[in-house]
């Protein structure tokens, strides 16, 4: 079925955790195709991933081909069915790191069995750790430290910069 996409609507429950509220198969194109050909588009892609992760949602198949542009905004499609809120921040951080590496490999046109460059892998690890810290900050046991949102933003920018450099994006 050419052009069929799986799309989910994300909402939030009363406690603020993200929930997947529906899904279905569409038989027509949704949004405009998105490609990463510049460093700015690379940053946009990773910022869209971070926005999804801030909702406590892991994509599970984060690739450029699963991003569409709708009304000037980037939206994720084909979100995996087991993508909802994770109880343990460290597990969420690991899953966010996996998403980041998947997106990086997609931008770099690397196959699934090929490891990303060490600089990208290191940046993805820092990104996952920053998201784990952000989700830990939602807990009553959080005692402070670096502002988690600032750390996520910095890690997202550093990751996009590492990928842009490796991809030689202008």
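Mind checking the full-extension length gain between residue 149 and residue 29? Use 0.36 nm per residue of separation minus the Cα-Cα distance, one decimal, nm. Don't jump to the answer; show the numbers that get you there.
Numbers: separation 120, 0.36 × 120 = 43.20 nm, distance 3.40 nm.
So the extension gain works out to 39.8 nm.
If the segment from residue 37 to residue 119 were pulled out straight at 0.36 nm per residue, it would be longer than the present Cα-Cα gap by 27.5 nm. A protection proxy built from the mean count of other Cβ atoms within 10 Å ranks the segments 114-124, 50-60, most packed first, as 50-60, 114-124.
Using a 10 Å cut-off on Cβ atoms, rank the peptides 38-46, 128-136 from the highest mean neighbour count down. Walk me through the numbers before you get to the answer.
Details: 38-46: 19.7, 128-136: 23.3.
By packing density, highest mean first, the sequence is 128-136, 38-46.
Only the coordinates and a few stated rules stand behind these numbers; no lab work does. Just so it is clear, the model here is predicted, and its values are computed rather than measured. Positions of Cβ are generated from backbone atoms using ideal geometry, with glycine treated the same way; all protein chains shown enter the neighbour counts.
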